[in-house]
1. Got the relative contact order for the range 22-82 handy, in percent, Cα pairs under 8 Å and 6 or more residues apart?
2. Taking 0.36 nm per intervening residue step and subtracting the Cα-Cα distance, what contour gain separates Asn125 from Ala173 on full extension?
3. Taking +1 at the Cβ of each Lys and Arg and -1 at the Cβ of each Asp and Glu, which of Ser27, Ser68, Gly102 sits farthest along the dipole of the range 1-115 towards its positive end, judged by Cα position relative to the Cα centre?
4. Note down the relative contact order for the range 377-423 as a percent, whole number, built from C-alpha pairs under 8 angstrom at least six residues apart.
5. Ile79 to Ser236: extension gain in nm, 0.36 nm per residue of separation minus the Cα-Cα distance?
6. Asp391 versus Glu375, label points 7 Å from Cα toward the beta carbon: distance in nm?
7. Write down the radius of gyration of the range 1-48 and its Dmax, each obtained from C-alpha positions, in Å.
8. Looking only at the range 72-138, where both bridge partners belong to it, what percent of the DSSP beta bridges are antiparallel (to the nearest 5)?
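Just so you know, all these numbers are worked out from the coordinates, no wet-lab data involved. Given the structure is predicted, the values throughout are model-derived calculations rather than measurements. A quick note on method: Cβ atoms are made from the backbone with ideal geometry, for glycine too, and the neighbour counts reach across all protein chains shown.
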Amino acid sequence: MDHLGPLDSVFVEAEDQDTHTSMAIASIAVFEGPAPGYEAVVGLLQRRLPRLPHHRQRLVEVPAHAGSPVWVDAENFDIGYHVRQTALPAPGGDAELCALMGRLMGQRLDRDHPLWETWLVTGLNDGRWALISKVHHCMVDGVSGVDLYRVLFATEGTPEIRPFRARRAPSTAALVTDAARVAVDLPGRLAVAALAAARHPYRAGLEAFTLVGALRGLVPAATPAPPSSLSGPIGSARRYRVARVRLADVVAVKREAGATVNDVVLTAVTAGFRDLLIARGERPGEGMVPSLVPVSLRSPGEQGLYGNRVSGLVVDLPVHLPTPPEQLRAVSSEVGRLKAGGGALAGAAGVELARYLPYPLASLTRLLFRVPQRELVTVTTNVPGPPQALDCMGRRLIEILPFVPIASTVRIGVAVMSYDEQLVFGITGDYDSAPDIDVLAGGIERAVGQLRASLVRPSSRHLMPLA
């Protein structure tokens, strides 16, 4: 049977324990017109489905949490349920598109069906149209979500539409028996892991030493953040906004300042949150905005359509510093320190450890979602978009607008994606407690402009170093 992995299961548990949480990730792909017909979009997806097996499967829970949820074929799969269409009201600009995205992402995916939806959106201004892709986080992470674009918009060949014959779902007895078999196999898997460590004692000792250091480094991240309006209870409705900057500006700042693209991204988000706090009449303080920053564990060039392979760093966004150059210095220093200390290793080790625990024990993490957390205020995820220009049915893909879910007490999250010389920041906000995320979006755009302006000599294209 095809079981969910430990981290994939966490996203299911998070949704189970919080009625206000929808753990779907999404993006808006905006195309030049004219828009294709609904049937053409359905036909495109039908031809791609043989390469997307989970798109025709649903999740089944194992009784009494004896094992992780299992993927089974959807007996009455109907692609028409998953491919939907709508039109924006005039004038069909960002405001209307973002309002639609907020409404769609506040609604949970139905567990009785495969966990995805695709929306054909017409009525965008300038003759454009869009596809909104919504997929449960237990199926994909940010990187594998980009791989879905590669599959959906592939130009090689034209696969035929093949009839789908669902395999019979396993019985309750079969699910329990399989869970028992997995549990019995665990000691053998532990023995294999121990034997591998014994064969390479130096490497195992070095990894253990690094892990202990990483866990020690997580202690400050476990300290509750100072209270602010950025954190607290959330509802089920969402707001969505976007900020756009030129990728060339970000790369230029990164290269000449000795930073990374992600450092510049986090600096722009820092400046945006500082503007938001000030606009709300709050004084930005040190340690006020710790952000979870997911880190992909995929090897360079590794592709995979399903599953989550991520760890994460907890970065204190330095909102107490007044200018983007100062913020960039602080961000670069902290991220460098966290990486040198193996900051992402602890999370990765926790996920790996869960593979060797009986699922009833590992799944106790669901209890954590009943306790309001105060250590994280936001999430900032930065994923490289498709490296080459894409098109769909002969229409050029203009831009991709990413979406990240929020949960627990996190009221605002930011997803970042690059594509075609542009870097887009997709901002998710709780509808009731974050009505002003336009301020955050404006602050992000201004920060990149200020970094560029403050580091460029008036008579030269070369940037001045930050030091």
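1. On the way: 31 pairs, mean separation 14.4, N = 61.
Relative contact order here is 24 percent.
2. Details: separation 48, 0.36 × 48 = 17.28 nm, distance 5.49 nm.
The span from Asn125 to Ala173 would gain 11.8 nm if fully extended.
3. Ser27
4. Working: 66 pairs, mean separation 24.9, N = 47.
Across the range 377-423, relative contact order equals 53 percent.
5. Numbers: separation 157, 0.36 × 157 = 56.52 nm, distance 2.66 nm.
Full extension from Ile79 to Ser236 adds 53.9 nm.
6. A separation of 4.9 nm, rounded to one decimal place.
7. Both quantities, over Cα of the range 1-48: 17.0, 44 Å.
8. On the way: 6 of 11 bridges.
Here the share of antiparallel DSSP bridges comes out near 55 percent.
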